Structure formats: structure tokens, C-alpha cells
Amino acid sequence: MADTRFLLVGLGNPGPAYHLTRHNVGFLFLDHFASVNGWRIDSLKMQGLFGQGRHRSSQLFLVKPQTYMNRSGECVRRFLDYFKVPLANLLVLHDDIDLAAGRIRMVRRGGAGGHNGIRSLIQHLGTQDFARMKIGIGRPVADAAGHAPAVDRFVLARMSEEEQRLLHERAGLVEEAVSLFVEQGIDVCMNRINGR
């Protein structure tokens, strides 16, 4: 019988100063998924904000690491071990500058692609083999003089109203993707979600 315990992780930085920054879209979408299901992610446990709920016959553990982005793997490793969640049942939601703003792409595995949170997870899990939901935030745009903000400043800057609206419109697709991952696995999820 398949293991029915899942760990859903949203990546971001803790504290109100980072709340609506581009680097925190993993937090935002995990919060949204919890909210529509009537769950709260508000218990501090093992360096993370934690919540849980049931989705059909599965037990879901939801975590927002509070270690800051570049140490996210410490928290995630502890939750995987404590709840004995198999690596195949881990899904990480995170921002991706290589995808256009609002694009959602599910992947089975892969490198860090310059993302410090994913780099920390790979380091602490000892593998690149874990599912991710990449949430596009786009790249910084150059001004008329050809100057673009540095990537680190761009991802830590607050999203514009337009960017927030665009991500709000994608919330339903994120809900569908998480449900598909839990119910049918990453391959079905990739086939149904990518390209939409």
C-alpha cells in the first residue's frame, strides 16, 4: 500500500518585511492552499511554521521554514525524518526567475538553478530527486538606459500590484496541481499542469 503521508513545503523568508516579496511566493501559495482547505500554518516546530490536514485519505504536513532561504534544507530534513515522509512525497513550492511571471511548472527533479533555498535542500537531503512547483516571477527588466536591478535585489523586492493580481489568478491552478500531486503523483501532475 502506498504511503499516504506528504510534506508540502513553501520557500520564503520569515518576517513581515518579506511578506509580499517575489522570493516569498512559495509561502504565499502554501498559505493559500491551506486557507481554502480551512487549515492554518501557525505552529512553530523544528525551525518551521507548521500545519496539517487531511486530503481524501492522505495526511498532509505543511511547512514554511523560518531559517531564512539559504538554510531551508535544515528545517525540511528535520520534518521529513520526524514524520517519516518518503522523499517521493515531498513537494517544494518556490519562485523561479527563469519562468515568466505567473507561469507554473512542475518538475520531478533538477539542480538548484541559482536558487539558494533549493541549493540548501539538495545539500541537506543529499539528492536532487524531489518534486518542485516552480512559480514564475520573471527576470528583472532593464530601464531605458539599459540598467536592470541585480537579481538578489529583484527577488527581495515587493511585488507590484499587477504581479500580485497575476499570481492571484493562478491560485486555482496551484490548488489543482497540489491535489494532483497528492492523489496521482508527479508524472500525472506534470502532464496536466505544465503548459497551462
Next item on the list: Enter the Cα centre distance for the pair the range 72-92 and the range 156-170, rounded to the nearest angstrom.
Entry: 28
Next item on the list: Taking the Cβ of each residue in MET159, MET69 as the centre, tally the other Cβ atoms inside 10 Å and list the residues starting with the fewest.
Entry: MET159, MET69
Checklist line | Dipole magnitude of the chain, debye to nearest 20 (Cβ charges: Lys/Arg +1, Asp/Glu -1, about Cα centre) | finding: 380
Notebook entry, point to check: Roughly what % of DSSP beta bridges within the range 5-193 run antiparallel, to the nearest 5?
Noted result: 50
Margin query: Taking the alpha-carbon distance from LYS45 and a cut-off under 22 Å, which lysines remain once sequence neighbours fewer than 8 residues away in the same chain are dropped?
Written below: LYS64, LYS84
Item checked: Ranked packing of 109-118, 144-153, most packed first, by mean Cβ within 10 Å -> 109-118, 144-153
Next item on the list: Compute the separation of the alpha-carbon centres of the range 16-40 and the range 127-151 and state it in Å as a whole number.
Entry: 19
Note to self: Just to be sure I understand: with springs between alpha-carbon atoms less than 10 Å apart, which residue in ALA34, ALA17, ALA88 has the highest mean-square fluctuation in the Gaussian network model of the chain?
What the structure shows: ALA17
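Taken together, the values in this text are just the output of simple stated rules run on the coordinates, not laboratory data. Not measured: the values here are computed from a predicted model. No Cβ is skipped: glycine too gets one built from the backbone with ideal geometry, and neighbour counts run over all protein chains shown.
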